[in-house]
Amino acid sequence: MKKINVTFSLPKETVDLMQGLIGRRKLSSFVSEALKKALEEKVEELRNAYIEANTDPDRQETIKAWSKIDGENWHD
């Protein structure tokens, strides 16, 4: 897998804790795995929100109502 260098800031206490627990040589892989896990959780959260919103009857009624308005070419 191709890797790129990324620069960002973290609180000193966080870096000190990571270095103490993980070790300097393993920081990149630890941060990469932590971010990957967090992003996977975010994707799942968004997927579930989409499914919930897509099955919400009130939302579907609102979409139908707006679709009628949008079809009237009122914005031309």
**Environment charge at S28 (Cβ cut-off 13 Å; Lys +1, Arg +1, Asp -1, Glu -1)** = +4
**Item:** Matching label, P(r) over Cα pairs in 5 Å bins from 0, in percent computed from the structure shown, candidates [x] 3, 16, 27, 27, 16, 8, 3, 0; [y] 3, 15, 24, 20, 15, 8, 6, 4, 3, 1, 0; [z] 3, 11, 12, 14, 10, 9, 7, 7, 8, 9, 5, 4, 1
**Value:** [z]
**Fill in**
Expected max-MSF residue from I22, I51, I63 in the GNM of the chain (alpha carbon, under 10 Å) is I63
**Request:** Report the local net charge at V15: Lys and Arg +1, Asp and Glu -1, summed over other residues whose C-beta lies under 15 Å from its C-beta.
**Result:** +2
**Item:** Neighbour cut-off at most 14 other Cβ (10 Å), DSSP loop, trypsin sites (Lys or Arg not before Pro), the chain
**Value:** K2, K3
**Message:** Testing the spin-label approximation: label points 7 Å from Cα along Cα→Cβ at N54 and K2. State their distance in nm.
**Reply:** 3.1 nm
**Item:** GNM top mover of L27, L17, L39 - the chain, alpha-carbon springs below 10 Å
**Value:** L17
**Asked** Between K68 and E13, what length comes free when the chain is fully extended (0.36 nm per residue of separation minus the Cα-Cα distance, one decimal in nm)?
**Response** 14.2 nm
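Per residue of the chain, what 222 nm ellipticity follows from adding -39500 (n - 2.57) for every DSSP H run with n ≥ 4, rounded to the nearest 500?
Values: 3 runs with 52 residues, N = 76.
Only helices count here, giving -23000 deg cm²/dmol.
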**Asked** Residues with beta-carbon under 15 Å from that of V6, excluding V6: net charge, scoring Lys, Arg +1 and Asp, Glu -1?
**Response** +2
**Request:** Starting at the first residue of region 39-50, write each ³J(HN,Hα) from the Karplus equation 6.51 cos²θ - 1.76 cosθ + 1.60 with θ = phi - 60°, in whole Hz, x for Gly and Pro.
**Result:** 5, 4, 5, 5, 4, 5, 4, 5, 4, 5, 5, 5
**Request:** Compare E33, E13, E41 in a GNM of the chain, Cα atoms joined below 10 Å, and give the one with the largest fluctuation.
**Result:** E13
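Provide the gained length on full extension for the span L21 to A38, in nm with one decimal, where the gain is 0.36 nm per separating residue minus the Cα-Cα distance. Each step should come with its number before you reach the end.
On the way: separation 17, 0.36 × 17 = 6.12 nm, distance 1.95 nm.
The span from L21 to A38 would gain 4.2 nm if fully extended.
Each reported figure results from applying straightforward, stated rules to the coordinates on display, with no laboratory input. Since the model is a prediction, treat every value here as computed from it, not as a measurement. Heads up, the Cβs are rebuilt from the backbone with ideal geometry, glycines too, and the neighbour counts pull from every protein chain shown.
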